[in-house]
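Below is one structure, written out as structure tokens; the observations come after it.
Quick note: the coordinates plus some simple rules give every number you see, no bench work behind them. Small disclaimer: the values here were computed from a predicted structure and weren't measured. For neighbour counting, all protein chains shown are included, and Cβ atoms are generated from backbone atoms with ideal geometry for every residue, glycine included.
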Amino acid sequence: MTVTDFPDALIVVDIQRDYFPGGNMALVDPERAADRAGEILASFRRADRPVIHVHHEAIRPGSAFLLPGTRGVEPWPAVQPAPGEPVVIKHFPNAFRDTSLREVLDRVGAGSAAVVGMMTHMCIDATVRQAADFGYRVWVAADACATRELRHEGEIVPAPSVHAAFLAALSGTYAQVVDADTLIHGV
């Protein structure tokens, strides 16, 4: 990866307390993903590249996690927003839906972005697809994302399989799927 094809900005999606042990929707190995996301975040900051944080607040009736005003919506310590870094609040999986994310990306001059966060099968998938549909070049750091097991027609689909399947579907068509080190060392 050369500097000319490196992402213009970093989007940190939903790395919030409810996705960690003790939270209301604990994922599989979120600490590892958050640590890797934190390393990417530090590299973008060192390179003085724009960072945008996206935080989910659930407002749908019956929501059981990421509820406004709870500790669960707080960002994980490894990815705390720094002063001056924009924080976009969303209420749907797609971080562009009814938010200012596109305007923020345009304001910082980003034609491309790296995406990290939670959950791979939901908010990462929806956000990456929308970003690509809007014409942004997108990178996803596979090891800086996390998800959980799912159930389908009585079958349990293990989290690693969910993660791999969703990243495989994004790879090539919607995004360049890489590991964190590729982004860290490309800065």
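General remarks:
- Residue exposure sequence - His152, His55 - by fewest surrounding Cβ within 10 Å: His152, His55
- Interchain or long-range residues, amide H under 5 Å from Leu27's placed H: Phe20
- Sequentially through the range 6-15, phi angles give Karplus couplings (6.51, -1.76, 1.60; θ = phi - 60°) of 7, x, 6, 9, 10, 10, 9, 9, 6, 7 Hz, Gly and Pro residues having no value and appearing as x.
- Among beta bridges that DSSP assigns inside the range 3-186, antiparallel share in %, nearest 5: 15 percent
- Cα gyration tensor category, rounded, prolate or oblate, for the range 89-187 with a/c compared to 1.5: oblate
- Phi angles across the range 80-95 convert, under the Karplus curve 6.51 cos²θ - 1.76 cosθ + 1.60 with θ = phi - 60°, into 3J(HN,Hα) values of 4, x, 8, x, x, 7, x, 10, 9, 9, 10, 10, 9, x, 6, 5 Hz, Gly and Pro given as x.
- Kirkwood Rh and Cα Rg combined as Rg/Rh, the chain: 0.94
- Sequence-distant residues sharing a close amide H with Val88 (under 5 Å, placed H): His53, Val54, His55
- Karplus-based coupling profile of the range 144-160, in residue order and whole Hz: 10, 10, 9, 8, 9, 6, 10, 10, 9, 6, x, 9, 8, 9, x, 3, x, with θ = phi - 60° in 6.51 cos²θ - 1.76 cosθ + 1.60 and x standing for Gly or Pro.
- Formal net charge of residues neighbouring Asp48 (Cβ-Cβ distance under 13 Å; K, R +1; D, E -1): +1
- Every helix of 4 or more DSSP H residues in the chain counts as -39500 (n - 2.57), and over all residues that averages to -8500 deg cm²/dmol at 222 nm.
- The GNM of the chain, with springs linking C-alpha atoms under 10 angstrom apart, assigns the highest mean-square fluctuation among Glu39, Glu31, Glu103 to Glu103.
- Amide H within-cut-off set for Gln176, under 5 Å, with H built and near neighbours excluded: Val138, Trp139, Val140
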